[in-house]
Each structure stands twice: as C-alpha cells, then as structure tokens.
Amino acid sequence: MSALYLITGFLGAGKTTFLKHFIRLFAGQRIQFIVNEFGQEGVDGPLLSGLGAELAEISGGSVFCSCRMDQFEKVLRQSADSSPDVILVEASGLSDPTGVRRLFTQTGRFPHIDYRGAVCLVDAVRFPRIYATARTCVRQLASSDVAVVNKTDLATDAQLVQTLGLIRGQRPDMPVIETAYGAVQADILSVLARAQAWPEDRAPLVADLTLLRLMISIAPTITPYELQKLIEMFAEYTFRVKGFIRTTDGLCMADCVGNVVSVSPCDRLDIPPERIGWLNVLSGTGMPIRKAVREACAWYPTHIVEIV
C-alpha cells in the first residue's frame with residue numbers, strides 16, 4: 001500500500017520550496033514524485049536521488065483537467081505498480097484538484113493507494129488578491145485538508161490577518177499551519193492524519209450562529225447529470241450538501257463534502273416523503289452561497305421549485 005499526498009496551491013505560493021522540506025520527512029522510504037509542469041525551479045535532482053525518489057513529469061496543461069485525467073491515472077497506475085512507500089503529487093498552480101479527491105472516493109479504482117490528504121500552499125502576502133480574482137484558488141482550498149500559510153516573514157500583520165480570515169471564512173474546519181520558506185515539521189503528517197480521520201458528515205467546528213442553511217426544492221424532471229452539475233456550480237462555497245432527489249432515472253442521493261459531488265441511485269424505502277426533493281445546503285457567513293445558488297439555479301429554471 002502506497003501513501004499518497006497531494007500538494008496544491010496557486011502560482012507563486014511556494015509549493016516547490018515546501019516540497020523540499022516535506023519530502024525529507026520520508027527519508028529512508030521509497031518515494032515516487034509526480035509533478036504537473038515543473039516551474040523555473042523544480043525540486044532538484046540531487047535531493048531526489050539522495051532520498052531515493054523517482055520522478056514522473058506530466059506537462060501540457062493541468063493534469064486534473066477532465067480531458068486529461070486519463071493521463072494522470074495512467075502515470076498513477078505505473079507509479080503504484082512499482083510499490084513505492086510514498087507517492088507525492090505536485091499539482092500545477094493553475095489546476096483544480098477536485099478530480100483527484102473524487103478519484104479516490106471511487107472504491108476499488110486504486111486499491112493499492114492510501115490517499116492521505118491534500119496540502120494547500122497559501123501565499124500570506126498575495127492570497128487576498130488572488131482569492132478575489134481566481135476561482136481556481138477557491139477550489140484548491142475547498143479540496144484540501146490542511147492549509148500551509150507560507151511567506152509569513154514577508155507579510156504585514158494586517159495581510160496575515162486578512163489571509164487567515166479568508167481561509168477561516170471558507171473553511172473554518174481546516175487546520176492551518178503558518179510558516180516561512182516552506183519549512184514544516186514532521187507534525188504536519190499527524191495534522192493531516194487527524195483531518196482525514198474526521199467523519200465526512202462532520203459539522204464545521206464553529207458556533208451555529210455563523211452557519212448559513214439553504215434548502216432547494218428540485219422537480220423530478222431533473223436528470224442525475226443535471227443534478228450533479230447544478231451542485232458543482234456552487235459546491236466550493238459549502239461545507240455540506242445532501243438530499244434525496246427524485247430524478248428522471250429514479251430516486252438518487254446527492255452528497256457533497258467540500259467540493260466533491262456524488263449523485264448515486266438510492267433504493268432506500270425508509271425515507272419520509274417530506275424529505276424527498278430537497279437539497280440541504282450548509283455554508284458559512286462571508287461565503288457568497290446565496291448568490292452562487294441563485295446563479296446555478298438560473299441554468300436549470302424548469303427543474304427548480306423554490307429556494308428557502
């Protein structure tokens with residue numbers, strides 16, 4: 001069984017510098033390193049060879065784009081076949097890692113890989129501006145288990161407070177580690193393990209007064225595909241989305257944690273009729289969930305009964 005860690009974060013957040021520290025935590029183990037587009041400065045060859053790590057590079061755009069996930073899966077299978085102790089995946093700074101998390105929720109796809117979670121690198125200085133303009137940044141944070149706020153030595157107190165506030169606003173449940181020069185200690189592995197051990201239906205660790213709840217009534221004219229696409233349009237602004245929805249293909253259970261959406265057939269007979277047809281959306285203050293839900297529902301006006 002190979003332990004797999006995903007490293008994500010927007011351009012310039014310091015992923016490569018972080019990885020030079022992170023990879024040393026696995027000294028003495030067989031390491032496979034998968035990188036999506038080396039930057040100008042990659043994790044240097046002597047460091048990799050000194051740690052016994054092997055490198056696989058995927059170039060030509062985001063490895064997690066839906067049209068290229070097959071290439072990532074191919075490289076991942078090749079890596080797993082050599083039975084390394086650890087697989088480290090560095091995502092392009094412009095990529096949306098949602099597909100990777102969804103990939104490992106599919107039972108049986110990669111039985112020999114133990115997904116240990118995702119680390120999101122955050123630039124303490126530039127994050128507020130990037131967060132406001134790049135949707136990918138929001139999705140990277142939504143798909144991760146731990147945020148590493150880097151370059152704290154360059155940030156003013158006001159910049160750091162603003163950056164931490166944005167992270168807490170979207171992900172109050174997420175552990176945050178502050179650092180400079182990407183330097184992290186071995187305890188990051190235990191932090192990741194605790195984050196992965198939380199039950200998927202966990203409620204955010206905040207007072208109820210900071211939560212926002214919406215309910216969307218869905219008509220049975222919607223298809224499972226349309227239902228999934230609808231939820232995906234606002235998922236990154238939620239903590240949890242769940243509901244039993246009557247579709248053109250029968251009853252389905254919709255479930256979303258972070259921004260990983262699942263719509264699957266449901267044969268349960270014990271669901272009260274009043275619960276069927278409603279999507280329950282849990283979000284937080286400061287997250288534009290009402291606007292995002294309205295915009296998403298506007299794409300499917302004939303299938304939306306009401307939003308309350």
In units of 2.2 N^0.38 Å, the Cα radius of gyration of segment 140-202 is 1.17
Net charge near Thr152 (other residues with Cβ under 11 Å of its Cβ; Lys, Arg +1; Asp, Glu -1) is -3
Packing-based ranking, highest mean first, of 152-164, 266-278, 231-243 given that Cβ atoms within 10 Å are counted: 231-243, 152-164, 266-278
Can you check what the net charge comes to around Pro84, using other residues whose Cβ is under 9 Å from the Cβ of Pro84 (Lys, Arg +1; Asp, Glu -1)? -1
Local electrostatic count at Cys266 - Lys and Arg +1, Asp and Glu -1, tallied over other residues with Cβ under 12 Å: 0
List the lysines whose alpha-carbon lies under 30 Å from that of Lys242, not counting same-chain residues fewer than 8 positions away? Lys229, Lys291
Taking N as the number of residues in segment 96-175, what value does Rg over Cα atoms divided by 2.2 N^0.38 Å take? 1.24
Cross-link reach from Lys15 to lysines, straight Cα distance under 18 Å and at least 8 residues apart if same chain, gives Lys151
Expressed as a fraction of 2.2 N^0.38 Å, the rule-of-thumb size for a compact globular protein of N residues, what is the C-alpha radius of gyration of segment 118-160? 1.13
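Any read-out appearing in this document is the output of simple, stated calculations on the displayed coordinates, not a laboratory observation. Since the structure is predicted, the reported quantities are computational estimates derived from the model, not experimental observations. Because the Cβ atoms are built from the backbone with ideal geometry, glycine has one as well, and the counts that use them run over all protein chains shown.
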